[in-house]
Amino acid sequence: HPPQWWKDQHLQEWFITEDGLNRYDGYSFTVYRNEAGNPATLSHNELKAIFEDRDGVLWVGAFAGGLNRFDPATERVTRFAHDPDDPESLALDTVRCILEDAAGRLWVGTQGGGLDLLDRATGTFTHHRHDPSDTWSLPGDDVRALLEDSKGRLWVGTLDGLARREAD
């Protein structure tokens, strides 16, 4: 189960819930929620994944809301969503897990869309999906867990089995 709680580089605590993103600074809570019609807010309130990258940016996965880049310093949100007309958009909009690997690549596990790799410079995604004709593909497209081991290998947990991607 991906973490529902995260302590950031500044020792603030972050909690994802079904009613938004909560920050606890040691004294009080601040809640960040979706505001209908405001694209500068979270894409959805039901959150499923949280990860802090090396730059202190929080990446938040939502149920049916895609991926959110949340900068705690500015409280600005950038949304990444599935667009059926754009093959380089997020594979599907339910994000279950997020991981930045040692090389600084951001991996996104989706529910039903497989594993995506975000190119942060362009905002585009490369998709890694289950292919029944390829024994080296993911065992399934419902990705629920990501882990990088000490040898730089990426382990991908799906509902249909475990896959390992060798270090580049």
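Bear in mind that the values in this text are calculations on the coordinates, not laboratory data. Every value quoted in this text rests on a predicted model; they were computed, and no experiment measured them. As a convention, Cβ positions derive from the backbone with ideal geometry for all residues, glycine included, and neighbour counts pool all protein chains shown.
Return the whole-Å distance between the Cα centroid of the range 104-168 and the Cα centroid of the range 77-97. The two parts, judged by their Cα centres, are 15 Å apart.
Protection proxy ranking of 139-146, 116-123, by the mean of other Cβ atoms within 10 Å over each peptide's residues and highest first, is 139-146, 116-123. Normalised by the number of residues in the chain, the mean separation of alpha-carbon contacts (under 8 Å, six or more apart) gives a relative contact order of 13 percent. Translational diffusion of the range 58-108 was estimated from the Stokes-Einstein equation, with Rh taken as the Kirkwood radius over Cα pairs; at 37 °C and 0.692 mPa s the coefficient is 283 µm²/s. Annotation: amide H-H contacts under 5 Å for Glu100 (H modelled 1.01 Å from N, sequence separation of 5 or more, or interchain): Trp107. What shape does the range 55-167 have by the C-alpha gyration tensor, where a ≥ b ≥ c are the square roots of the eigenvalues, rounded means a/c under 1.5, and otherwise prolate means a/b greater than b/c and oblate the rest? Oblate shape, in that a/c is at least 1.5 and b/c is the bigger or equal ratio.
Computed log10 I(q)/I(0) for the range 1-109 at 0.12, 0.18 Å⁻¹: -0.37, -0.84, from the Debye equation with unit scatterers placed on every C-alpha and solvent omitted.
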